[in-house]
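The values are calculated or read from the model by the stated rules, or taken from the named source; none is laboratory data. Please read these numbers as outputs of a predicted model, since none were measured by experiment. Here the Cβ positions follow ideal geometry from the backbone for every residue, glycine too, while neighbour counts run over all protein chains shown. Ligands, DNA and RNA are excluded from the accessible area calculation, which covers all protein heavy atoms including side chains. Shrake-Rupley method; radii C 1.70, N 1.55, O 1.52, S 1.80 Å.
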Amino acid sequence: QVQLVESGGGLVQPGGSLRLSCAASGIIFSIYDMGWYRRPPGNQRELVAVITSGGRTNYADSVKGRFTISRDNAKNTVFLQMNSLKPEGTDVYYCKSDYHGMSYWGKGTLVTVSS
């Protein structure tokens, strides 16, 4: 059974930082591309950041320079370091694994950016 379990969300003030984690089980983690997504109100789920099995990264323009995605294959975990958070970053952040179109989603972790 495949499970992706996100953690690390919470309430943070504008300008603050959070580090999200996504622990995977039931998959050969190292061969999967891993990504973080969010769903802004009224919009479809959007990519925040992705890291390939080979370690290449890509980011949404809105988070470039502020967010960093990384992975630890030994721990089957992907991370999202979020710095300089803005109120519009408030959302549920979802973890996704993908291997040639075979994908799985976590249930998400809520990030609230508010003073």
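Express the accessible area of the chain per residue in Å², computed with a 1.4 Å probe while the remaining protein chains stay in the model. In whole numbers, the chain has 54 Å² accessible per residue. If you add up the charges near T90, with Lys and Arg at +1 and Asp and Glu at -1, over every other residue whose beta carbon is less than 13 angstrom from its beta carbon, what do you get? The answer is +1.
Taken one residue at a time, the phi angles of segment 64-72 give Karplus couplings (6.51, -1.76, 1.60, θ = phi - 60°) of 4, x, 10, 10, 9, 9, 8, 9, 10 Hz. Gly and Pro are set to x. The lysine pair tally for the chain, using Cα distances under 20 Å and a gap of 8 or more places or different chains, is 5.
Using R0 = 30 Å, the C-beta based FRET efficiency linking A60 and S30 works out to 0.75.
Which FRET efficiency value, to the nearest 0.05, do you get for D72 and N43 by plugging their Cβ-Cβ distance into 1/(1 + (r/R0)^6) with R0 = 22 Å?
Working: r = 31 Å, r/R0 = 1.39.
That gives a FRET efficiency of 0.10.
Dimensions of the chain based on its C-alpha atoms, expressed as ranges along the principal axes with the largest first, amount to 40, 24, 24 Å. Between the listed residues A24, Q13, S97, the Cα displaced farthest toward the positive end of the dipole of segment 1-100, a dipole computed from Cβ unit charges relative to the Cα centre, is found at Q13.
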